Amino acid sequence: MGARALEGKTALVTGGSRGIGRAIAQRLARDGAAVAVAYARNEAAAEEVVERIRKDGGRAFALRAELGRHGDAARLWAAFDAHAGEYAPGGAVDIIVNNAGIGRSPDLSSLTEDDFDEVFAVNVRAPFFIVQQGLKRLRDGGRIINISSGAARIALPEIMAYGSTKGALDTFTLNLAKELGPRGITANSVAPGIIDTDVNAGWLRGNPQAEAQAAALSALGRIGRTEDVADIVAFLASDDARWVTGQVIDATGGSGL
């Protein structure tokens, strides 16, 4: 990959204001893409990401996209279109990264129907309709990258509903690859393991025992960093990955081997 492998491209990253999404947005911008940093509620965090990208010489804009309710995809693309003139001529997009999601779920015994509906609405339904309604904007040769989880292949009963959403997302990816292949569009999933993010901070950071246990799960003996995932996404977004589609790229550091 060249230093500006995504020059002239436009990318949409949902959940781009923090954690893995933030790292992805910054990496894609560093590679030359104009990045739409979609966020749900924390406007200040999203604007901070945009400001950092611009300070580093990149191009980015924030757009609010609260997911999990009917019509969320339409509202997201309407917000995207409002910036199209400056960042995405004609409203076109080259890279869609479905990163936003609910990171955990109650266990089987305490999961309610409302809990179930919410995690599937954000983690599965939203990406489905974001892609569906984005297809008329997605250029031929484009990229769809869905952020999945190692929980889709490793039994974790305590977060069963969450893991099920990621399994559904991987199936969605597989079908997108087949459906959109004739247009030269690739679709892949990236499946992280335990990553040091704000979502995991409550039980992970400052807890030596938890940190040691989490690190021991990986064959590489450490906890994942957001940049570990962002670099894989950048590869998949580039022309170097033009012959990779329909795949789930494990980004767990060899967890569960």
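Bear in mind these aren't lab numbers, they're just calculated from the coordinates by the rules spelled out. Just so you know, these numbers come straight off a predicted model, no measurement behind them. Every residue, glycine among them, receives a Cβ derived from its backbone with ideal geometry; neighbour counts consider all protein chains shown.
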What is the Cα coordinate range of segment 9-104 on the first, second and third principal axes, sorted by size from largest, in whole angstrom? 35, 30, 21
Which shape class applies to segment 198-246: rounded if a/c is under 1.5, otherwise prolate when a/b exceeds b/c and oblate if not, where a ≥ b ≥ c are the square roots of the Cα gyration tensor eigenvalues? prolate
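Quick one: dipole size for segment 103-243, taken about the Cα centre, charges +1 on Lys/Arg Cβ and -1 on Asp/Glu Cβ, in debye to the nearest 20. Write down the numbers at each step before the final one.
Values: 14 positive and 18 negative charges, 127 e Å.
Around 600 debye, computed over segment 103-243.
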Is segment 139-257 rounded, prolate or oblate when judged by the Cα gyration tensor, a ≥ b ≥ c being the square roots of its eigenvalues, rounded requiring a/c under 1.5 and prolate requiring a/b larger than b/c? prolate
May I ask you to list the lysines whose Cα is less than 22 Å away from that of Lys9, ignoring any residue fewer than eight positions away on the same chain? Lys55, Lys136
Can you compute the helix-only [θ] at 222 nm over the chain? Use -39500 (n - 2.57) per DSSP H run of at least 4 residues, normalise by all residues, nearest 500 deg cm²/dmol. -12500 deg cm²/dmol
Determine ³J(HN,Hα), in whole Hz, for all residues of segment 161-170 in sequence, where each value follows from phi through the Karplus function 6.51 cos²θ - 1.76 cosθ + 1.60 and θ = phi - 60°; x replaces Gly and Pro. 5, 4, x, 5, 5, 6, x, 5, 5, 5
